[in-house]
Structure formats: C-alpha cells, structure tokens
Amino acid sequence: MADEEEKKKQSVLVTGGAGYIGSHTVLQLLLGGYSVVVVDNLDNSSDVALQRVGDLAGEARKDLAFHQIDLRDREALDKVFAMSDFDAVIHFAGLKAVGESVEKPLLYYNNNIIGTINLLEVMAAHGCKKLVFSSSATVYGWPKEVPCTEEFSTCAMNPYGRTKLFIEEICQDVYRSDSDWNVILLRYFNPVGAHPTGIIGEDPRGIPNNLMPFVQQIAVGRRPALKVYGNDYSTKDGTGVRDYIHVVDLADGHIAALCKLFDGSKIGCEVYNLGTGKGTSVLEMVTAFEKASGKKIPLIFTERRPGDAEIVYASTTKAEKELNWKAKYSIDEMCRDQWNWASKNPWGYGSPDSES
C-alpha cells in the first residue's frame, strides 16, 4: 500500500500526449496511479482523444491536465513546469511523416529538434532530469541483418529519421555533460491496433502514411484500394516485412521504462527496442485484417518505394531482461482492435466534414 501511495505522488509530463501512442500511454499512466500533465500543440492530433482517455480512466481523470502549447514556445513551457513538480517526462511530440520530411526538411528540424532542445533546457532549469524519449526503428536505416539489436550501427535515411537520431545523440551528450540525467531512448518498430474498447485509436490527418490506418480507411469506405509498394522482395510472399506491435503493448513499454527510471538504479542514457521480435509481411497483415473485419481489401501492386528496407524486425531481448517488458498481443488481436476502433469511429475523432 505504501508503494501504491508513493506511485500516486509521481507526476509525469507527456509531450504529444494527444497523439496516437501518446494518448494510449496517458491512459495506462492514469490507470497505473500516476498524475499526468499533457502538452500538445494539436497539429496532428485531437483533444477529443484526451477527453476519451479521461472517460476511460474513470475516477483517475482528476489526475489529468492538458495545456495546448508548442514546445518551441519556451515561455509557455516554462510556465507549465513552474506549475508542477514533475518527476519525469515522456517525450512523444514531433512531426512524423517520412514523405513530408523529405519535402519540408527545415520544418522537421525546426519542430522536432528545436522543440526537444527547449524541453531539455527547461527540464534542467527545473531540476527534472528523468526522460523517456520516443525514438524509432527508422534510425537503423537498411539493416544488413535481422533481428535489429540496440548495438547495430545507425543510419537514418530521411530527415524524419535524422531528427530522431540527432535527438538520441543530443540526449547522449546531455548525459555525458551531466551525470544526474537518466534517459531511456525507446526505438519503436511499427505501432498498430487500438485500445480494446475501440474508444481511442489512430486518426491521422489527411492521407495515412502507414499501412494499417490506410487499410482501415479502405475497410470503412473512405479509400478505394491499397497500393502495395513492391511484391518482388526476397521474402515469403514478395512483400516487405516489418515488426508490428500493438499500441497498448507499446504504452506498457513506457510504463516499464518509467519504473526503471524510478527504481533508483543509475541508468545513464540507455536504448531499448520495443517490438515483438517477429516479422510480418504486408500481405500477411492485410489477410489478418480481412479476417478480423470481414472486409475484402483491394490491392494494387506497384514498384518499390526508394528507401524502403526489405525486412526489419526487432531483437527485444534487452527490453525483456532489463525493463521486464514483453509484447503480449498477437497480429490477429492487433487487427481485431484496429477494426473495432475503425468500425466504431470511421472518421476517427472527427466527421466527414472535418476530413483534410
């Protein structure tokens, strides 16, 4: 009981907490007894997500606060820190579309890197030196072998990936300059699925950049067919293979990382992969979604996209050993929950009129 009371006192700032992964993590934090403050500029997210998180959290919603600010607004961020005594920060906020990052690299460097530098400086000024950073498997580039371990060399292939890699290196440098910092860098693989209630899920603005949001929009009649980029890879069915992970497993991975930060151990700056450790092809994923939804997904096979790796999946041994975390959900369960969300919310958090 004493441990439970202690946990309730722990206050966590979540940047980008209205987004897909952020909102699911905020819910798990609230249910775990943490006090949560979210900052988000709502550029690619909706405050409706946080309202629904509050509904799902029940009595714990009293421990949730939200401020609509941009991390580049140093003064506003400083005020948020002045109002609360944060024990740790989970940093999700950032632009994340690979294609857009190639077209608008300066926007990505400005938003993602300057926002993070502001955050780190304000954290230091207020004596909060525990951070979980939302990185990405994109930092591995085209891995020469699989599974990807945390020791692999990094080689980001686009401006989005480079922002993740640069931020990882900034965090490493900050720790080297001040050993009071404890930082966990989480490299996600391919998040999919939704909360099993179907009340919160992924709602990208405009045309989805990732496989499953696109597939779900076809299933609800918003788009006609799925373009499959490349069916001539040397994989079991010719399509690219990725490590898909349920968003709730990913959220639980953040709780595990926080527990590691709070258990008194000296971490320094550590990197962990969050994936299932299994590769699934595009066609296998589509077939599983068709089974879950009862809908046929029309396919159009086209040429490979430049920069797409053939096979990428994680080694999760380090996270299993050191964070005591392991993904639980299967591909079928991911697709079941994705369809549950999509069928209940065909237009995401908006309506046909709000489609951009």
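Some notes on this structure:
- Once the Cβ-Cβ distance of Lys227 and Glu59 is raised to the sixth power relative to R0 = 51 Å, the FRET efficiency obtained is 0.65.
- Residue ranges 318-324, 112-118 sort as 112-118, 318-324 when ordered by packing (mean number of other C-beta atoms within 10 Å per residue, highest first).
- For the chain, the relative contact order works out to 19 percent when only alpha carbon pairs closer than 8 Å and six or more residues apart are counted.
- Rounded to the nearest 20 debye, the dipole magnitude of the chain is 720 debye, with +1 charges on Lys and Arg beta carbons, -1 on Asp and Glu beta carbons, and the Cα centre as origin.
- Our estimate of slack between Leu299 and Leu31, defined as 0.36 nm per intervening residue step minus the Cα-Cα distance, is 92.5 nm.
- Cα-based shape type of the range 198-356, given that a ≥ b ≥ c are square roots of the gyration tensor eigenvalues and the cut on a/c is 1.5: oblate
- The Cα atoms of the range 187-260 give a gyration tensor whose axes a ≥ b ≥ c have a/c of 1.5 or more with a/b no greater than b/c, which makes the shape oblate.
- Of the peptides 157-165, 232-240, 198-206, the order by per-residue mean of other Cβ atoms within 10 Å, starting with the highest, comes out as 157-165, 198-206, 232-240.
- Alpha carbon centroid spacing (whole Å) that separates the range 92-110 from the range 224-255: 21
- Nearest-20 debye value, the range 198-337 charge dipole, Cβ charges on Lys, Arg, Asp, Glu: 240
- Label zone of Arg205 (point 7 Å out along Cα→Cβ, amide N under 14 Å): in the range 24-42 this covers 40-42.
- Size of electric dipole in the range 265-334: Cβ of Lys, Arg +1 and of Asp, Glu -1, about Cα centre, debye, nearest 20: 140
- Taking every C-alpha pair closer than 8 Å and separated by at least 6 residues, the mean separation divided by the residue count of the range 150-306 gives a relative contact order of 33 percent.
- For the range 50-66, 3J(HN,Hα) computed residue by residue from phi via the Karplus equation (6.51, -1.76, 1.60; θ = phi - 60°) reads 6, 4, 6, 4, x, 4, 5, 6, x, 4, 6, 4, 5, 8, 10, 10, 9 Hz, glycine and proline entered as x.
- A Förster distance of 22 Å, applied to the separation of the beta-carbon atoms of Asn110 and Ala82, puts the FRET efficiency at 0.30.
- Other residues lying with their Cβ under 11 Å from the Cβ of Arg162 contribute a combined charge of -1, Lys and Arg counting +1, Asp and Glu -1.
- Along the range 321-326 the Karplus relation, 6.51 cos²θ - 1.76 cosθ + 1.60 evaluated at θ = phi - 60°, assigns HN-Hα couplings of 6, 8, 9, 6, 10, 8 Hz to successive residues, with x for each Gly and Pro.
- Each of Ser179 and Asp263 was given a label point 7 Å from its Cα along the Cα-to-Cβ line. The distance between the two points is 2.2 nm.
- Ellipticity at 222 nm from helices only: DSSP H runs of n ≥ 4 in the chain, each -39500 (n - 2.57), divided by the residue count, give -11500 deg cm²/dmol.
- Neighbour net charge for Tyr175 - beta-carbon separation under 10 angstrom, K R +1, D E -1: -2
- In terms of its C-alpha gyration tensor, the range 4-86 comes out oblate, because a/c is 1.5 or above while a/b does not outweigh b/c.
- Sequence-distant residues sharing a close amide H with Leu274 (under 5 Å, placed H): Arg187, Tyr188, Phe189
- Ranking of Val48, Val174, Val37 by count of other Cβ atoms within 10 Å, fewest first: Val48, Val174, Val37
Each value in this text was obtained by applying a stated rule to the coordinates, not by laboratory testing. From a predicted model like this one, the values you see are computed outputs, not experimental measurements. As a convention, Cβ positions derive from the backbone with ideal geometry for all residues, glycine included, and neighbour counts pool all protein chains shown.
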